[in-house]
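What follows draws every value from the coordinates through simple rules; no lab data is involved. Owing to the predicted nature of the structure, the values given are computational and were not obtained by experimental measurement. Glycine gets a Cβ as well: all are built from the backbone with ideal geometry, and neighbour counts include every protein chain shown.
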Amino acid sequence: MIKEFGNKTAFDLFHFGKTRKLPNEHWQRGIYLLDIMDAVESLDELEQKGFPPSLRLHRLKGTRKGEFAIDINKLSGWRITFRFMTNDFYDVKIEDYH
């Protein structure tokens, strides 16, 4: 379940189905992934229900250690980043961090 949003982009897309920052061609996939995140209780379950296409779930490194990312769109660079603790998602953000 999503417990906490880390930016307005993720909050708006989840609650209102649209956001200014994320290009609208990625809204549907972003909403789909956020809905799945809100319904699952493990990272394994997230990977199973988020397929296809692959989520590319991966741990971040360096200053972002302890965070995970999944692809909204592999080619665009837009990701959902988050912390996962005690079966819940925290600090959920939508960002293009590359």
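Taking trypsin sites (Lys or Arg not before Pro) in DSSP loop states with no more than 15 other Cβ atoms inside 10 Å as exposed sites, the chain has its longest site-free stretch at 22-55. Measuring nothing but alpha carbons in the chain and taking Rh as the Kirkwood radius, the Rg to Rh ratio lands at 0.92.
Modelled spin labels at Arg56 and Tyr97, positioned 7 Å past Cα toward Cβ, are 1.4 nm from each other. Loop-located GluC sites (Glu not before Pro) across segment 15-82 with a Cβ neighbour count of 12 or fewer within 10 Å are Glu41, with loop assigned by DSSP. When the pairs Lys21/Lys49; Lys18/Lys93; Lys21/Lys93 are compared against a 21 Å limit on Cα-Cα distance, Lys21/Lys49 fall above it.
Other residues within the sphere of radius under 9 Å centred on the Cβ of Ser54, judged by their own Cβ, net out at 0 (K and R +1, D and E -1). Were the residues from Lys74 through Asn7 laid out at 0.36 nm apart, the gain over their Cα-Cα distance would be 22.0 nm.
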